[in-house]
Amino acid sequence: MKKTWTASLLIAALILPGCGNKQFEARGINFATDICAICNMGISQEPYAGQVALANGDYEVFDDIGCLMTYYNKMDQSDIGAAFVKDYSGDDWVQVEKAIFVSDEAIATPMSYGVIAFQTKEEAEAYIKKEGKGNIISFDEVKAIDWGAHA
Amino acid sequence: MKIRFLFVFFLSLISFTSIAHADTLQQQIDKTPAGGTLTLFDRDYMETAVIKKPITIVGGEKTVLMSDSEKPVLTIENTQQVTLKGLRFLQSTSAVAVKKSKKITLDQLEMVQMFSGVQVYDSEQVMIKGLTLRGLDGQYASKGYGLAVYRSEQVTLQNNNVTLVQDAYYLEKTKDVIVKNNVATESRYGLHFMYADGIKAENNTLQRNVTGIMLMLAKNATLRHNTISIQWDWNSSGFTLYNAENIVAEHNIFSGNRTAILSQTLKNATIRKNVFSSNQTAIEFTASDEDNVVTDNDFVGNILNIRSDGSDSKIHHNYYDDYDGTDLDEDGMGDTKYVALQSFGQWMVREPAYQYFIESPSVVLLNRMDQQTNKVEQNQLVDDTPVIKPTSNFSERQNTIHIVSLLFGLLMLGGAIYLWRKGVRIG
Amino acid sequence: MGLFIQMEWKQMLRSRWMQLVALLFVVIFAAISLIQQMALPVDGFTRQMASFLNLLLFLLPLFTLTIGSMSVASDIESGWYALLKTYPMSIFGYLWSKYVAIVASFLLILLLAFGIVLTISGITGQMQLPVVFIVLSLFMVVIFSALAVCCGVLAKNRLHALSLSLVVWALCLLLFSYVLMALGTVVSGTMLKYVTIVMIHLNPAEWLRFGYFMFSGQTTVLGPAYYGFTEFYSSFFGYFLFVVLSGLWVVLPLSIANWILSKKGRDV
């Protein structure tokens, strides 16, 4: 009896703080266990990764921005807490709404979707200048790409 | 006169070879006429070279090629009919790159402690056989691909053995590829196909990788007679078929994998005459797979035979070792249907955290109850014609007496009986 | 006290129940080791391994709990305990002897059963008994005997002890898991994961099952969601912690029993 009580108390203690938390933060990638929720590939290259923090506290990670957007577009928007992409340097998570996207078919990404993300416009322009390929597109344009028909 | 001539001849020979011996690899290649054969010296070459003409390069017994640059040791570019044979590569970023070429043969190459092995870009009629490659230790993210082929046609990979790399065999946007008799172990993916059309993968052995065959956005593939065992990592599977079309998987043997075949948005696939033994899950269908057929397979000793998230697939004429029906009319097929559907299996597909309960006491009991209630299941994961006898032969074990365990057993048994009797008697 | 333990042991071994249980175990283990021959030569968590593990998890706690608790309850019910109190023996001394006797007799049964398995596998040359299973059964007997003593002390009579131990058994093996699984349909996956981890520590049966995966190096079976958790326990410190926590599962029930009995003693 005692144990059930403790257990239910613990459950309550765990559940309650979960509610009403509206600040979504990205979590780190665990290379040993994280796989893309869409294509099942292991996540080995951080610069192309993405993730969604779901409203219920779960996380889904993606190996390519294309996979992220496939998931993003098919989900009910109210279930999505926040969506993040890795900055091309592979260091920081950037909210999709704030990120600067660069697209070109010639950019090699894990799933060959050819879209990468930057934190600032300057970095994106520097990349385009250096690599000689790609053009900047907005998040709305990224959303509108027909990701599924890519194959 | 004669002697003098001979002397000069030998002298010139010696000086010629000694000069040639000092030649760089590139100089040696340049000196060989187009269509000629170059045999390398028994020494270490520490450089990179480019091949732009038809040529055959053969390695000597002690020839070792390496380079500390980012570039591949040998680059074959804009040419055709190049053959590399019996070369040994050591501790380099990459051994061979083939770019925009035709009729290239790589034969019996050996690579040790390499970041990556061979890259083929935009080429045709490439044959790689008898290659052995051993990569680096450490995280998959810090390694390269073993044999990687991009945008090429008519590629054959045969009798190769690759271990300790990220993806052993990687094929992207390829057409008409044959992958035969290869071995891939201890890597992330054994065979990794992306955007490929026309694949034949036969008689390959894939062991202890994260995933045996990763087939993504591919169509028209035949995967046959492969042996896929012990893909046992956190997210492992024997085959992962993602967004694939017209796939035939037959006569494969899956044993000891986490999930033998994991499929997602799979269309028009036939899975037949395979043996699934001792896998955690034999087949998993997710995300509206269409027109897939599972037939004439043997399911033995798997924890879960088939699970799905509700996707439609046809299952018939398989053998299941946990089928408990009878065959009174002796037509070789069970009289009642086999229901593979398990509530717990379905939950596990949807929510990975349920995995903890896999085959736990409570779940076993649940499955028992399930089997009773699910007898009425009509549509999902039902085999109307389960086969009574397996098609393959499992009785290949030898029976030898194990002396040590017999002795220990008898000792324990005797001890226990003695203690018991003594315990009862005192007092 | 040594004499008392011996006496208790004798009584245990003489009881019809115990002999029946011993017979049952021997038959089951013999059957399993014969069935095992049909198993495929693959290491790891196969269905055969799973059923073996489950059988252990189901049967061993069931018998330890019922027999142990009934033995203690009958002592109290029959006045034997009251008689013993007139001897110079502490309450804890009594509980401890009882506990040792129960553990010892069950270890004897295990010895018998494992002896059978090894003999059969020796003759057929198949299936060695994994060491992990032996260790696991030891842990199981040690932990559940303590719980049995606790149940026996709590009970008013033998029948009460039986029902109480059955309740504990059902809770540990089945109900906890079902509650968790049901909970999983409501809360998020991450939450389910945390609750499951908490439950593993609160439920001795789950704790031992987790121990099996950990010590047999098959933590990947539990799924990637538990990566961090199993990584933590798969270290030297983790092993140490596992043993310490398992020890707590022995000490806690015994001291609770001690406390209850001393309180009861004052009331009587």
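The values are calculated or read from the model by the stated rules, or taken from the named source; none is laboratory data. Here the structure is a predicted model, which is why all the values come from computation and not from measurement. Heads up, the Cβs are rebuilt from the backbone with ideal geometry, glycines too, and the neighbour counts pull from every protein chain shown. Calculation scope for accessible area: heavy atoms of the full protein, side chains included, ligands and nucleic acids excluded. Shrake-Rupley method; radii C 1.70, N 1.55, O 1.52, S 1.80 Å.
Before moving on, here are some points about what is shown:
- Restricting region C:194-228 to residues that are open to solvent by less than 10 Å² (accessible area, probe 1.4 Å) and in a loop (DSSP other than H, G, I, E, B) leaves a set whose member that is farthest from the other protein chains (Cβ to nearest Cβ) is C:Asn203.
- Which numbered condition B:Ser360 fails, given (1) more than 9 Å from chain C (Cβ to nearest Cβ); (2) open to solvent by less than 30 Å² (accessible area, probe 1.4 Å); (3) modelled with pLDDT of 85 or more; (4) under 32 Å from the mean Cα position of the chain (by Cα): (1)
- For region C:101-189, the helices (runs of 4 or more DSSP H) that sit wholly inside it and include 2 or more residues that are of a type in the set (Val, Ile, Thr), under 16 Å from the mean Cα position of the chain (by Cα) and more than 9 Å from chain B (Cβ to nearest Cβ) are C:131-154, C:158-170.
- Residue list for region B:232-266, restricted to those being open to solvent by less than 40 Å² (accessible area, probe 1.4 Å), in a loop (DSSP other than H, G, I, E, B) and farther than 13 Å from B:Ala282 by Cβ: B:Trp234, B:Asn235, B:Ser236, B:Ala244, B:Leu266
- For region B:207-216, taking the residues that are farther than 12 Å from B:Leu171 by Cβ and out of contact with any Asp or Glu (no Cβ under 6 Å at 6 or more places or on another chain), the one that is surrounded by the most Cβ atoms within 10 Å (Cβ to Cβ) is identified as B:Gly212.
- Among the conditions (1) open to solvent by 30 Å² or more (accessible area, probe 1.4 Å); (2) more than 13 Å from chain B (Cβ to nearest Cβ), the only one that C:Gly238 does not satisfy is (1).
- When B:Ala340 is tested against (1) without any contact (Cβ under 8 Å) to a residue 40 or more places away in the chain; (2) of a type outside the set (Phe, Trp, Tyr); (3) open to solvent by less than 20 Å² (accessible area, probe 1.4 Å), only condition (1) is not met.
- Residue within region A:116-136 that is farther than 22 Å from A:Glu25 by Cα and within 14 Å of another protein chain (Cβ to nearest Cβ) present: no
- Hey, C:Thr86 open to solvent by 30 Å² or more (accessible area, probe 1.4 Å) and polar (S, T, N, Q) or not: yes
- Within region A:127-143, the set of residues being farther than 30 Å from A:Ala82 by Cα, surrounded by 12 or more Cβ atoms within 10 Å (Cβ to Cβ) and not acidic (Asp, Glu) is empty.
- The one condition in (1) open to solvent by 20 Å² or more (accessible area, probe 1.4 Å); (2) within 11 Å of chain C (Cβ to nearest Cβ); (3) closer than 20 Å to B:Gln231 by Cα that B:Val349 fails to fulfil: (2)
- Residue satisfying all of: in region B:194-206; under 21 Å from B:Ser116 (Cβ atoms) and within 12 Å of chain A (Cβ to nearest Cβ); surrounded by the fewest Cβ atoms within 10 Å (Cβ to Cβ) among these: B:Tyr195
- Selection status of C:Tyr87, at negative phi and assigned to a helix (DSSP H, G or I): no
- Counting only helices (runs of 4 or more DSSP H) that fall entirely inside region A:65-151 and contain at least 2 residues that are under 16 Å from the mean Cα position of the chain (by Cα), the qualifying elements are A:65-74, A:139-144.
- On the stretch given as region A:22-73, residues that are within 14 Å of chain C (Cβ to nearest Cβ), open to solvent by 30 Å² or more (accessible area, probe 1.4 Å) and acidic (Asp, Glu) total 2.
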